[in-house]
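Colleague: I have a structure I would like to understand better, so I am pasting it below and will then ask my questions one at a time.
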Amino acid sequence: MNKYIKIAAAAVLILLGLYMMFFTRNLGWGIVIFLLAAAPILLFFKNEYILLAFWQLRKQNMEKAAVWLQNITNYQAQLHKSQYGYFHYLTGLTQAQAQPAKVEPFMKKALEYGLNMKHDRAMATLNLAAAAISKGRRQEGQKLLEEAKRLDSAGMMTDQIKMMKDQLKMPTMQKHMHNPNMRNRGKFS
C-alpha cells in the first residue's frame with residue numbers, strides 16, 4: 001500500500017473522531033476512533049512488511065522473511081525514507097545463505113541509506129567484509145572488519161569477527177600453485 005494512503009486514512013479517522021466527539025457528543029467512540037488513527041500513522045513510519053520480516057528473522061525463518069519482503073514491490077513508493085536502508089539490509093540478510101554473491105550491493109545500499117541501530121550497521125559491515133575477503137580484497141576486508149569490531153559495542157559478533165580475522169591470517173595460495181605444470185617449470189628449463 002502506498003505510504004500516503006496510510007496518512008489519508010489516518011486523517012479521515014481523526015476527522016471522524018473529532019466529528020463523533022464534538023457534533024454527536026459520543027465522547028467514548030470519538031476517543032476510540034482517535035486512537036485507531038494511530039495505527040496508520042505508525043505504519044507510515046514503520047512498514048508492516050518490514051516489521052513482519054523482522055519477526056520472521058527473529059524466528060530464524062529466512063524463507064518467510066523473504067516472502068514478506070517480496071510484498072514490497074516499489075520500496076520508494078511504499079516505504080518512508082528512514083526504512084529504505086532496512087529494506088536493503090533485510091533483503092541482503094535473506095539472500096545471504098542462498099546467493100552470497102548478491103549480498104554485497106544490498107549491504108552497501110543499506111549503509112548508504114542508513115541504519116538506525118549500531119548492531120545492524122555492524123552486521124552489514126561484517127557482511128561487506130566477508131564479501132571483500134571472498135573476492136580477494138584483503139586490505140578492504142581488514143578495514144571493514146575493524147569497523148565492524150568498533151560498531152559491535154555489545155559484543156554480539158565477536159566470534160564471527162575473530163573467525164574472519166583468523167581467515168585473513170591464513171596465507172593465500174598463489175594462482176600458479178594450482179597448476180601442476182607451473183610447479184615443475186624449473187625442471188624443464
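The values are calculated or read from the model by the stated rules, or taken from the named source; none is laboratory data. Everything quoted here is computed from the prediction, not taken from an experiment. For neighbour counting, all protein chains shown are included, and Cβ atoms are generated from backbone atoms with ideal geometry for every residue, glycine included. Accessible surface areas use protein heavy atoms only, side chains included; no ligands, DNA or RNA. Shrake-Rupley method; radii C 1.70, N 1.55, O 1.52, S 1.80 Å.
Colleague: Given segment 1-59, what helices (runs of 4 or more DSSP H) lie entirely inside it while holding 1 or more residues that are more than 33 Å from the chain's Cα centre (by Cα) and buried (at least 17 other Cβ atoms within 10 Å of the Cβ)? It would help to see each step written out before you state the result.
Modeller: Working: elements: 3-22, 27-36, 38-45, 48-58.
Ranges flagged: 3-22, 27-36.
Colleague: Examine segment 80-91 for a residue that is farther than 18 Å from N116 by Cα and open to solvent by 30 Å² or more (accessible area, probe 1.4 Å), and state whether such a residue exists.
Modeller: Within segment 80-91, the first condition is being farther than 18 Å from N116 by Cα, and the residues that meet it are none.
Among the residues of segment 80-91, not one is farther than 18 Å from N116 by Cα and open to solvent by 30 Å² or more (accessible area, probe 1.4 Å), which makes the answer no.
Colleague: Scan E112, E63, E104 and give me the residue that is among the acidic types (D, E), under 21 Å from Q160 (Cβ atoms) and without any contact (Cβ under 8 Å) to a residue 40 or more places away in the chain. Please lay out each step first, then the result.
Modeller: Working: E112 fails: under 21 Å from Q160 (Cβ atoms); E63 fails: under 21 Å from Q160 (Cβ atoms).
Testing whether each residue is among the acidic types (D, E), under 21 Å from Q160 (Cβ atoms) and without any contact (Cβ under 8 Å) to a residue 40 or more places away in the chain leaves just E104.
Colleague: Pick out the one residue from M107, M117 that is open to solvent by 10 Å² or more (accessible area, probe 1.4 Å) and under 18 Å from K149 (Cα atoms).
Modeller: Numbers: M107 fails: open to solvent by 10 Å² or more (accessible area, probe 1.4 Å).
So the residue among M107, M117 that is open to solvent by 10 Å² or more (accessible area, probe 1.4 Å) and under 18 Å from K149 (Cα atoms) is M117.
Colleague: Return a yes/no flag: does segment 92-99 have any residue that is open to solvent by 20 Å² or more (accessible area, probe 1.4 Å), of a type outside the set (D, E) and touching a Lys or Arg at 6+ places or on another chain (Cβ under 7 Å).
Modeller: yes
Colleague: What is the residue count in segment 60-74 for residues that are open to solvent by 60 Å² or more (accessible area, probe 1.4 Å) and in a loop (DSSP other than H, G, I, E, B)? Steps first, answer last, please.
Modeller: Initially, segment 60-74 is screened for residues open to solvent by 60 Å² or more (accessible area, probe 1.4 Å), giving 60, 63-64, 67-68, 70-71, 73-74.
Now drop any that are not in a loop (DSSP other than H, G, I, E, B), which leaves 60, 71, 73-74.
Matching residues across segment 60-74 total 4.
Colleague: So, L79, is that one in contact (Cβ under 8 Å) with a residue 12 or more places away in the chain and farther than 19 Å from A124 by Cα or not? Outline the logic, then answer.
Modeller: Values: in contact (Cβ under 8 Å) with a residue 12 or more places away in the chain: yes; farther than 19 Å from A124 by Cα: yes.
So L79 fits the description; yes.
Colleague: If you don't mind, another one. Cβ-Cβ distance below 6 Å, separation of 6 or more or different chains: which pairs start in segment 8-31 with a residue that is among the small types (G, A, S) and end on one that is open to solvent by 50 Å² or more (accessible area, probe 1.4 Å)?
Modeller: A10/I41; G17/F34
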